[in-house]
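Here is the structure we will look at, set down as structure tokens.
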Amino acid sequence: MRAVPTVQQAVHVRAPAKINLVLRVGAREPSGYHQLATVFQAVSLFEDVVASPAEEISTSTTGRWAEHVRDDESNLAYRAASLLAEASGTRTGVHLEITKRVPVAGGMAGGSADAAATLLACDLLWQTGLAREELGHLAAELGADVPFALTGGTAVGLGRGDVLTPALARGAYHWVLAISEQGLSTPEVFEEWDRLHPEYAEHPSIDDAVMAALISGDAHRLAEVLVNDLDAAAGNLAPGVERIQQVLADSPALATLVSGSGPTVAALAPDHPTAVEIAETVRAMDVADEVEVVTGPAPGARLLESVREDEG
Ligand code: ATP
């Protein structure tokens, strides 16, 4: 029987947000970037991207945080599609429908998740034949957090955070995310960190205790090693962070930390019911604009469904 050729009508890809369990910042390089040593964990808050054939590249964003992003050439999803088109010599376009569930400029790499989802969706739609490794290179070109959104799970990130090694992590962790409507600019948070640490020359690294805690799968052990060097810088620029942390300090959370460059605050709970209870407390105190209960690790960018039409 002859195989019927098919045309991809739409490709639906989902990619996760991340939190940083550990974020150690090193000296500023002449390029302006900082060396980082981080442990990412992908969490169950997802961006969806549906890619369908079109003549040009375009995006349309809906969802809780859509009003904070522009549907133009500056959108990271648009940039991901153009970069892949250029790298693969693709001449057709794509329409990208983005559902934004991850806060914008929240330190959770939502834009990076859109970029990673777009790379995978367009790769499948255009059937570029690029290897997953090549997609990884394009991802790193788009931004330091994009490669992790492709791979997901739990991983150590070195360099600018884009040189990834998967981490052995047991179990599932329950997180409460206290989210602010007003985001923070990552470069501004690093500038504030520079102001707080003049003459800093340390090389950042991840403590062995962090890897041991992840292998144990014990949330209490993980709570002891959570650390974010950007905590104070983010707190100086977003005063709401301190109020949220005060409320969480009086809750059954095992530990709290700012995610990435903030202002999202992540609280580690011992189990799901306690996470729900903590979330209710944060809502009742009215210190955050949105509260989410999520689990980690979550998978990286993946195909949800692909609608094909027989070519006749
Ligand atoms: P990170 O943790 O990687 O520093 P973040 O979570 O703080 O990132 P993002 O929401 O990923 O921040 O995006 C940062 C900026 O990128 C936003 O302020 C926005 O102007 C711009 N941007 C472009 N495209 C997108 C997109 N699709 N989603 C979100 N932001 C986008």
Near Val291, within a Cβ-to-Cβ distance under 14 Å, what is the net charge of the other residues, with Lys and Arg +1 and Asp and Glu -1?
-3
Can you tell which of Asn20, Ser52, Ala77 lies farthest toward the positive end of the dipole of segment 8-150, using +1 and -1 charges on the Cβ of basic and acidic side chains (Lys, Arg; Asp, Glu)?
Asn20
Top positive-direction residue, dipole computed over segment 173-296 with Cβ charges, set Pro273, Leu226, Gly260:
Pro273
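Of all DSSP beta bridges in the chain, what percent run antiparallel (nearest 5)? Don't skip to the answer; put the middle values down first.
Values: 55 of 63 bridges.
Within the chain, antiparallel bridges account for around 85 percent of the total.
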Pop out the ³J(HN,Hα) list for segment 25-36 in order, Karplus 6.51 cos²θ - 1.76 cosθ + 1.60 with θ = phi - 60°, rounded to Hz; leave Gly and Pro as x.
10, x, 4, 6, 7, x, 5, x, 7, 9, 5, 10
Would segment 173-296 count as rounded, prolate or oblate if I go by the C-alpha gyration tensor, calling it rounded below 1.5 in a/c and otherwise prolate when a/b exceeds b/c, oblate otherwise?
oblate
Top of Leu237, Leu120, Leu23 by mean-square fluctuation, Gaussian network on the chain, Cα under 10 Å
Leu237
Let's see if you can work this out: charge +1 on each Lys and Arg Cβ, -1 on each Asp and Glu Cβ, no other charges. What is the dipole magnitude of the chain about its Cα centre, in debye to the nearest 20?
620
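In the neighborhood of Ala109, defined by Cβ-to-Cβ distances under 12 Å, what is the net charge if each Lys or Arg adds +1 and each Asp or Glu adds -1? Don't skip to the answer; put the middle values down first.
Working: positive: Lys18; negative: Glu47, Asp114, Asp145, Asp162.
Residues near Ala109 contribute -3 overall.
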I need the phi-derived Karplus couplings for segment 220-237: 6.51 cos²θ - 1.76 cosθ + 1.60, θ = phi - 60°, integer Hz, Gly and Pro marked x.
5, 6, 4, 4, 6, 10, 5, 7, 10, 5, 8, 3, 5, 4, 5, x, 5, 8
Mean separation of Cα pairs under 8 Å and 6+ residues apart, divided by the residue count of the chain: what relative contact order is that in percent?
28
Estimated 222 nm signal from helices in the chain, with DSSP H stretches of n ≥ 4 weighted -39500 (n - 2.57), rounded to 500:
-10000 deg cm²/dmol
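Excluding Ala51 itself, calculate the net charge of residues whose Cβ lies under 10 Å from the Cβ of Ala51, where each Lys or Arg counts +1 and each Asp or Glu counts -1. All intermediate terms of the calculation are to be shown ahead of the outcome.
Values: positive: none; negative: Glu97, Asp123.
Summing Lys and Arg as +1 and Asp and Glu as -1 gives -2.
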Over the chain, what percent of the accessible surface lies on carbon and sulfur atoms, probe 1.4 Å?
49
What distance in nm separates the two pseudo spin-label positions at Thr62 and Met211, each 7 Å out from Cα along the beta-carbon direction?
4.6
Quick one: Cα centre-to-centre distance for segment 7-37 and segment 56-76, in angstrom?
19
How big is the gap, in Å, between the Cα center of segment 198-235 and the Cα center of segment 130-192?
15
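Give a quick list of GluC sites (Glu not before Pro) in segment 1-88 that DSSP marks as loop, anything other than H, G, I, E or B, with at most 10 other Cβ atoms within 10 Å. Please report the intermediate quantities before stating the final value.
Details: sites: Glu47, Glu55, Glu56, Glu67, Glu73, Glu86; in loops: Glu55, Glu56, Glu73.
Sparse-neighbourhood loop GluC sites (Glu not before Pro): Glu55, Glu56.
The values are calculated or read from the model by the stated rules, or taken from the named source; none is laboratory data. Please read these numbers as outputs of a predicted model, since none were measured by experiment. We place every Cβ from the backbone using ideal geometry, glycine too, and count neighbours over all the protein chains shown. Surface accessibility is based on the protein's heavy atoms, side chains included, excluding ligands, DNA and RNA. Shrake-Rupley method; radii C 1.70, N 1.55, O 1.52, S 1.80 Å.
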